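Student: Dumping the structure here so I can ask a few things about it.
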């Protein structure tokens, strides 16, 4: 081996630069080497350079493979998709040493590809660009699934240039671009790019390197997507498991409540027992109240009222009361359904109790019917029958006549109206019977309404009892109920005859209340002043009416006129002819002619205060008697 060849081996061993390989040739020439020697040295130089290039290529490939391995290892450790995408773009830029790297993903719904992640980009327009399939270099890669490289983007006619895409590339200042597809099997999911802002030739090895990296990147993206889907599925499973556990708890809780309520019903428990059991289950205070109306918790649903929860207890349109859970502003759906279920059980218990009492109520009605219709019944037998009903007919009682407003005049023609009226009367009798039973009294259905015989307590008066009864029946039925009361009957059993007279008195009081526009109220004769005295002791009411306005009534009957109506309107308008003609919708001269005729029939003093008072009272009594006659 010559010295020159040894020199080249030494240069290869220490990895000298290319310029150093000219030194042995120059030294040989300086020492006067002949042409043959110089040719041999030059040949050795070329061989050494070839060996050096091969070694350099191997070292570069080893470095690239090492970097590719490290990158694949790093990507495999990432789980979040965004982190994976950022790492892919950062490593691509680092591997190829470019100024910019970016990645786009295909949108199968829109049929295009869109920019997902960029590294080194400074243009907002470029970072938001979307490319149609086949548009621009990236669209061409996404469509053909093949790498494309351009040394000068704007001078390259191999792909379709569009205004928006070119504007975005120009805004970013890119010149040389390399794009490789991200593929999973035969499916292209996106494109990975490396780009420079100056002209550059991407070598074949660099294209292959980025393509290999893209293959690893596509797997990493798919893995991240699968992990995201797995995490989402696990989250859904966890939510489903939580729902199943919640539903299991609900079923267990509902089963416990059902068992406790069933046990209560089977052993004959009452409403208070239901409230007590519910208080334990809901860890609060539950009460049953009959007071109404209830501002919340209607229609079978529990409703919030302040810090309380209310569930209405009702059946068939009739409200019995409500279950009230005190001091629970926040109630979960399970406990709410428990409260609603308990309200339904309470309504069933009340209906069962009512069914059991129906026979007793019918017996009470039959006893009252006998007191009203057969006053000659044996008092001893009446007392015995009353004792079985826990009623004492030897203490003072009051007879009450009750009617739902509008039932006696009818609500219209036809079978539907008749059915509604019949249902209203049945509901009134049912409510009255229940009320009478709770007060050790009697009740019956009569004359389109209900009649009650209630004991008079030490603090009661006929008027207060009438008002209380109207309020309670109206609240139960949610209807306006008018109640008239009689004077006290000292001993219904000792002398049954006064019961019938007291009922007539109560009916007259009821009619008077309705005539006076006091429907929905309760009153006794004592509340109605002078009219009440006449109702309490009717005497010669017809004679009073006849003597006072009889001539006018007779004239109307003979002539078919309505002087009585004119007279009533005249007093109602404050004895003003002008207002009277407005009320009657006639000319004022017609009113004057009618008043003149009335004066001739009643006498010239008919408008004096004393005569006017008697005439107005007679008009009221006449109107009441006419209403009674129409009713009967």
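Matching residues to (1) outside any strand (DSSP E or B); (2) in the same structural domain as residue 95 (by TED's automatic domain parsing); (3) buried (at least 19 other Cβ atoms within 10 Å of the Cβ):
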| residue | (1), (2), (3) |
| --- | --- |
| 174 | yes, yes, yes |
| 177 | no, yes, yes |
| 181 | no, yes, yes |
| 195 | no, yes, yes |
| 201 | yes, yes, no |
| 209 | yes, yes, yes |
| 213 | yes, yes, yes |
| 221 | yes, yes, yes |
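One line per residue, one yes/no per condition, for (1) in a helix (DSSP H, G or I); (2) at pLDDT below 90:
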{"site": "454", "(1), (2)": "no, no"}
{"site": "464", "(1), (2)": "yes, no"}
{"site": "471", "(1), (2)": "yes, no"}
{"site": "482", "(1), (2)": "no, no"}
{"site": "487", "(1), (2)": "no, yes"}
{"site": "493", "(1), (2)": "no, yes"}
{"site": "498", "(1), (2)": "yes, yes"}
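Student: Would you confirm, using the coordinates I've provided, whether residue 450 is in contact (Cβ under 8 Å) with a residue 40 or more places away in the chain, assigned to a strand (DSSP E or B) and touching a strand residue (DSSP E or B) at 6+ places or on another chain (Cβ under 8 Å)?
Tutor: yes
Student: In the stretch 143-160, how many are assigned to a strand (DSSP E or B) and crowded, with 19+ Cβ neighbours inside 10 Å?
Tutor: Result for the stretch 143-160: 3.
Student: Only residues that are in contact with a strand residue (DSSP E or B) (Cβ under 8 Å, 6 or more places away or on another chain), surrounded by fewer than 21 Cβ atoms within 10 Å (Cβ to Cβ) and either within 26 Å of residue 87 (Cα to Cα) or outside the structural domain of residue 118 (by TED's automatic domain parsing) (or both): list them for the stretch 161-171, please.
Tutor: Across the stretch 161-171, there are no qualifying residues.
Student: Sticking with this one: Specify the residue that is nearest to residue 395 (Cα to Cα); the eligible residues are those in the stretch 455-488 that are crowded, with 24+ Cβ neighbours inside 10 Å and touching a helix residue (DSSP H, G or I) at 6+ places or on another chain (Cβ under 6 Å).
Tutor: Going through the qualifying residues, I end up with 486.
Student: Separate question: Is at least one residue of the stretch 353-363 over 22 Å from residue 312 (Cα atoms), over 46 Å from the mean Cα position of the chain (by Cα), outside any helix (DSSP H, G or I) and at pLDDT 75 or above?
Tutor: Among the residues of the stretch 353-363, not one is over 22 Å from residue 312 (Cα atoms), over 46 Å from the mean Cα position of the chain (by Cα), outside any helix (DSSP H, G or I) and at pLDDT 75 or above, which makes the answer no.
Student: Go through (1) farther than 29 Å from residue 406 by Cα; (2) in a helix (DSSP H, G or I) for residue 586 and report which single condition fails.
Tutor: Of everything listed in (1) farther than 29 Å from residue 406 by Cα; (2) in a helix (DSSP H, G or I), residue 586 misses just condition (2).
Student: Scan 47, 68, 38, 26 and give me the residue that is assigned to a helix (DSSP H, G or I), in contact with a helix residue (DSSP H, G or I) (Cβ under 7 Å, 6 or more places away or on another chain) and modelled with pLDDT of 75 or more.
Tutor: Criteria check complete, one pass: 38.
Student: Report the residue count in the stretch 183-192 for those that are in a strand (DSSP E or B) and free of Cβ contacts under 8 Å to residues at least 60 places away in the same chain.
Tutor: 3
Student: Check 381, 400 and return the single one that is in a strand (DSSP E or B) and assigned by TED's automatic domain parsing to the domain that holds residue 510.
Tutor: After ruling out the rest, the residue left standing is 400.
Student: Related question: Sort through 482, 469, 461, 476 and tell me the only one that's within 27 Å of residue 383 (Cβ to Cβ) and within 42 Å of the chain's Cα centre (by Cα).
Tutor: 469
Student: Please specify each residue of the stretch 509-541 satisfying the condition of being surrounded by fewer than 21 Cβ atoms within 10 Å (Cβ to Cβ), at pLDDT 75 or above and under 22 Å from residue 612 (Cα atoms).
Tutor: The one that is surrounded by fewer than 21 Cβ atoms within 10 Å (Cβ to Cβ), at pLDDT 75 or above and under 22 Å from residue 612 (Cα atoms): 517.
Student: So which residues in the stretch 122-142 are farther than 11 Å from residue 169 by Cβ, assigned to a helix (DSSP H, G or I) and out of contact with any strand residue (DSSP E or B) (no Cβ under 8 Å at 6 or more places or on another chain)?
Tutor: Hit for the stretch 122-142 is 124, nothing else.
Student: Among the residues of the stretch 288-302, write down those that are modelled with pLDDT of 80 or more and out of contact with any helix residue (DSSP H, G or I) (no Cβ under 6 Å at 6 or more places or on another chain).
Tutor: If the condition is that a residue be modelled with pLDDT of 80 or more and out of contact with any helix residue (DSSP H, G or I) (no Cβ under 6 Å at 6 or more places or on another chain), then 289 is the only one that fits.
The values are calculated or read from the model by the stated rules, or taken from the named source; none is laboratory data. Every value quoted in this text rests on a predicted model; they were computed, and no experiment measured them. Cβ sites come from the backbone with ideal geometry, for glycine too, and all protein chains shown count toward neighbours.
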